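**Q** Following this message is one structure expressed as structure tokens.
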Amino acid sequence: MDITPQEENMIKALREAELPPLFVLIRMRSDILNDTVNVDEGRRDDVVQALEKYIGPLWGDYHDGKHSNTEE
């Protein structure tokens with residue numbers, strides 16, 4: 001998948017902001033899913049599916065870590 005200069009700038013900005021990766025992935029997924037003007041439907045579905053593949057395990061790890069902290 002090719003990365004456009006705009007996408008590269010967005011990635012750099014997110015890294016500089018030091019936001020939690022899970023937050024960034026979920027936010028990007030939502031933005032892409034709802035962007036019917038700038039992202040064509042075929043690409044949007046592919047990107048959203050790829051992001052969901054990465055979000056699933058991180059979300060599980062997040063909840064496992066949160067659950068284990070409350071047990072201590």
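**Q** Working only within the stretch 1-30, note down all residues that are open to solvent by 80 Å² or more (accessible area, probe 1.4 Å), farther than 22 Å from ASP64 by Cβ and either assigned to a helix (DSSP H, G or I) or among the acidic types (Asp, Glu) (or both).
**A** The answer is ASP2, PRO5, GLN6, GLU8, ASN9, MET10, LYS12, ARG15, GLU16, GLU18.
**Q** Here's a check for you: in the stretch 31-51, which residue that is β-branched (Val, Ile, Thr) and open to solvent by less than 60 Å² (accessible area, probe 1.4 Å) is nearest to GLY65 (Cα to Cα)?
**A** Taking the stretch 31-51 and keeping what is β-branched (Val, Ile, Thr), we get 32, 36-37, 39, 47-48.
Still in the running and open to solvent by less than 60 Å² (accessible area, probe 1.4 Å): 32, 39, 47-48.
Working: ILE32: 28, VAL39: 35, VAL47: 27, VAL48: 25 Å.
Restricting to residues being β-branched (Val, Ile, Thr) and open to solvent by less than 60 Å² (accessible area, probe 1.4 Å), the top hit is VAL48.
The values are calculated or read from the model by the stated rules, or taken from the named source; none is laboratory data. Keep in mind it's a predicted model, so treat the numbers as computed, not measured. All Cβ positions, glycine included, derive from the backbone under ideal geometry; neighbour counts span all protein chains shown. Ligands, DNA and RNA are stripped out before the accessible areas are found, and what is left, the full protein with its side chains, is counted by its heavy atoms. Shrake-Rupley method; radii C 1.70, N 1.55, O 1.52, S 1.80 Å.
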